[in-house]
Amino acid sequence: MATVAARNTALVATCESFAQGLANTPEYEEWRAARAARESDTEVASLSADLKRLGADLRLAQGRRDPVAASLEQRYAATQARLQNHPAAVRQQAAARTLIDMLREANTLLSSSLGVDFAATAAPPRQSGCCG
């Protein structure tokens, strides 16, 4: 079976134009900039590494029923809060929420034009339980 691209170059061109339009919005540009800033922030990297290490230590301590687990839990929670409240992380989360709002609006516009929920129709089927 031929792909959509092979069968319908007009649809491909429309999709590429739509994607380019989204990529040129201030919301998308801010999300990219915020993500890059967070990924290049050395303090965020250090906190992320600490959080990963503390998580592993905590799981081991809990598995051994080690009394130190309570202390590790507190350190894990404090490190997680520091990471979540770091200005670069806060900026990225705010930018992501704004971008998601814009994408939901785009889905509403597409869905209205098509007469069907575009995102739900395009989403892969959810797997659940033993029987799919």
Candidates ALA36, ALA56, ALA61 - the one that is over 20 Å from the mean Cα position of the chain (by Cα), exposed (fewer than 13 other Cβ atoms within 10 Å of the Cβ) and farther than 23 Å from PHE18 by Cβ:
ALA56
Is there a residue in the stretch 15-26 that is among the polar types (S, T, N, Q), outside any helix (DSSP H, G or I), at pLDDT 95 or above and under 29 Å from ARG104 (Cα atoms)?
yes
Unmet requirement for LEU103, which otherwise passes all of (1) over 22 Å from the mean Cα position of the chain (by Cα); (2) touching a residue at least 40 places away in the same chain (Cβ under 8 Å)
(1)
Suppose we filter ASN85, ASN107 for residues that are loosely packed, with under 13 Cβ neighbours inside 10 Å and not aliphatic (A, V, I, L, M); which single one remains?
ASN85
Which residue out of ALA95, ALA10 is touching a residue at least 12 places away in the same chain (Cβ under 8 Å), closer than 30 Å to ALA122 by Cα and among the small types (Gly, Ala, Ser)?
ALA95
By residue number, the members of the stretch 5-33 that are surrounded by 13 or more Cβ atoms within 10 Å (Cβ to Cβ) and among the hydroxyl-bearing types (Ser, Thr, Tyr) are THR25, TYR28
Any chance ARG91 is buried (at least 16 other Cβ atoms within 10 Å of the Cβ) and either at pLDDT 95 or above or within 27 Å of SER17 (Cβ to Cβ) (or both)
yes
From the list GLY63, GLY55, which residue is in contact (Cβ under 8 Å) with a residue 12 or more places away in the chain, among the small types (Gly, Ala, Ser) and not assigned by TED's automatic domain parsing to the domain that holds ASP101?
GLY55
What do you reckon, is SER46 over 30 Å from THR25 (Cα atoms), among the hydroxyl-bearing types (Ser, Thr, Tyr) and not in a loop (DSSP other than H, G, I, E, B)?
yes
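The values are calculated or read from the model by the stated rules, or taken from the named source; none is laboratory data. Here the structure is a predicted model, which is why all the values come from computation and not from measurement. So basically every Cβ, Gly included, is an ideal-geometry build from the backbone, and we count neighbours across all protein chains shown.
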